[in-house]
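Everything below concerns the one structure shown next.
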Amino acid sequence: MQRRKEYEFNIEKLEFPAQGIAFYEGEKVLIKNTLPGQKVIAKVSKKKKLGVEAKLVKILEDVDYKIKPKCSITDLCGGCSHQFLPYEKQLEFKKLQVLKLFEEAEIKDFEFLGIEKSPEVFEYRNKMEFTFGDFRKDGELTLGMHTKGRSFSIVTVDDCRIVDVDFREILKLVLNYFIEQKLPHYKVMERTGYLRNLVIRKAKNTGEILVNIVTTTKIDFDLSEITNKLKELKCDGIITGIIHTINDSLSDTVQADKIETLYGRNYIMETLLGLKFKINPFAFFQTNSKGAEKLYSIVRDFLGDSESKVVFDLYCGTGTIGQIVASKAKKVLGIELVEEAVTAANENAKINGLDNCEFIAGDIAKVIKEVKDKPDSIILDPPRAGVHPTALDYVLKFDARHIIYVSCNPKSLVVDLKEITSRGYKINKVVLMDMFPHTPHVETIVDIVKE
């Protein structure tokens, strides 16, 4: 096969994260946005050790299990990628892809408990980061998500169906207001412009909403009028805070040089499984609140009776898992790199009256060497890259009898599980939890015991 040349392929299967796999003259070909059973034309773009990458050009023969998406712009938006699949089919594909990774890593002899559905299939997200931009160069202001296959194009998502009506109405109000004001959006390459992002967080169980308008300092603009318009907006929930975040960084990520509270407070309160959690503007919190309750219940069930045991919650974030299992533990010790998250974790533990929880800030690979406590059980919930090898080595040296690994990336998970099982541990149970309907992503919870 030659680069930049088009070929005809039959898609045979999917590999995580939802890449279609075809074979051409013995070579493996990876093609995004394709499904098993399709015949397609794709253009070869790269040749790698793991196979040839090709970009979809045209579908010649489609599958009969597709459905009409609820969202009218799902073909353009880079957010959802699988709304055209029945939900049961989405779950089936996710299950097969994860089990294939386990099989290829030769991880076996465990009890597979299947895949748990998200309690809400639509309108489940409690946070969205929308970007200001334009759909076509120098066109009218848009606010939404990056367009598929077009890095600097933003499509307005005022009909997005993975968030509820409050998100959609706030987006429309903010976008229309700034169109009237003729304010320029920030252009990453030119480093010019004012409007960057609109970030909305809504607590599913309390209804509290935090609106965050993110701009540069390129223009001195009075935001009091849009603040008043937002305060007057009729919502199913209640807007308890409106903030203005200054972000003059060169990167395209949402970060804060300075935060100004325009109205109310700069956080929301959420409840999960009977506990209260204060969520700050940049705190990590599972984006599917109802799914998080289900996920954390699984972890708590795996932990079992631990009233006389010390539990380590590593990569603890704002300490959500640690606090939820605290009622079943003698002591919970959480470690997290982000200091603001640890401050929030300790504050939340105080709000919930949990005096058996302690959260420490620092690099796990370093902090773990100084910890005096010896854990009976360890909960691992690392970022997508998995556990750093140095940190994993120290974790395993604790020789805990029980480990629960919560992973958002099954590819890095199986790498870590290979190392864990080589050190005298056995994979006991595996269950999948779908936290992200209509996307390729899935959480995997693994119950691990010392042999």
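Does region 266-315 hold any residues that are in a loop (DSSP other than H, G, I, E, B) and in contact with a Phe, Trp or Tyr (Cβ under 6 Å, 6 or more places away or on another chain), and which are they?
ASN280
Going by what's in this entry, would ILE420 be described as at pLDDT 95 or above and at negative phi?
yes
Mind telling me which of the residues PHE84, PHE122 ends up being under 30 Å from SER412 (Cα atoms), in a loop (DSSP other than H, G, I, E, B) and in contact with a Ser or Thr (Cβ under 8 Å, 6 or more places away or on another chain)?
Sole residue among the options that is under 30 Å from SER412 (Cα atoms), in a loop (DSSP other than H, G, I, E, B) and in contact with a Ser or Thr (Cβ under 8 Å, 6 or more places away or on another chain): PHE84.
What pairs come up if the first residue lies in region 378-407 and is of a type in the set (S, T, N, Q), the second is assigned to a helix (DSSP H, G or I) and modelled with pLDDT of 95 or more, and their beta carbons are under 6 Å apart, counting only those six or more places apart or on different chains?
Qualifying pairs under 6 Å: SER407/LEU413.
Might you check whether a residue that is of a type outside the set (Gly, Ala, Ser), under 22 Å from GLU123 (Cα atoms), out of contact with any strand residue (DSSP E or B) (no Cβ under 6 Å at 6 or more places or on another chain) and open to solvent by 20 Å² or more (accessible area, probe 1.4 Å) occurs anywhere in region 283-292?
yes
Hey, among the residues in region 108-122 that are more than 15 Å from the chain's Cα centre (by Cα) and open to solvent by less than 70 Å² (accessible area, probe 1.4 Å), which one's nearest to LYS70 (Cα to Cα)?
Once the filter is applied, the top-ranked residue is PHE122.
Scan region 260-276 for residues that are within 11 Å of ILE324 (Cα to Cα) and open to solvent by less than 40 Å² (accessible area, probe 1.4 Å) and jot them down.
Correct list: LEU272, LEU275.
Within region 22-50, track down each residue that is part of a strand (DSSP E or B) and surrounded by fewer than 18 Cβ atoms within 10 Å (Cβ to Cβ).
Result: PHE23, TYR24, GLU27, LYS28, LYS32, LYS39, ILE41, LYS43, SER45, LYS46, LYS47, LYS48.
Please work out which one of (1) assigned to a loop (DSSP other than H, G, I, E, B); (2) more than 24 Å from SER407 (Cβ to Cβ) is the condition ALA54 fails and give its number.
ALA54 satisfies all of (1) assigned to a loop (DSSP other than H, G, I, E, B); (2) more than 24 Å from SER407 (Cβ to Cβ) except (1).
Looking only at region 2-21, how many residues end up being assigned to a loop (DSSP other than H, G, I, E, B) and on the phi < 0 side of the Ramachandran plot?
So the count comes out to 7.
Answer with yes or no whether GLU190 is over 22 Å from LEU76 (Cβ atoms), over 21 Å from the mean Cα position of the chain (by Cα) and not small (Gly, Ala, Ser).
yes
Taking the criterion of being charged (D, E, K, R), within 30 Å of LYS426 (Cα to Cα) and open to solvent by 50 Å² or more (accessible area, probe 1.4 Å), would at least one residue in region 79-92 satisfy it?
yes
The values are calculated or read from the model by the stated rules, or taken from the named source; none is laboratory data. Please read all numbers here as calculations on a predicted model, not as lab measurements. Glycine also receives a Cβ, built like all others from the backbone with ideal geometry; neighbour counts cover every protein chain displayed. Just the protein is used for accessible areas: all its heavy atoms, side chains included, with ligands, DNA and RNA removed. Shrake-Rupley method; radii C 1.70, N 1.55, O 1.52, S 1.80 Å.
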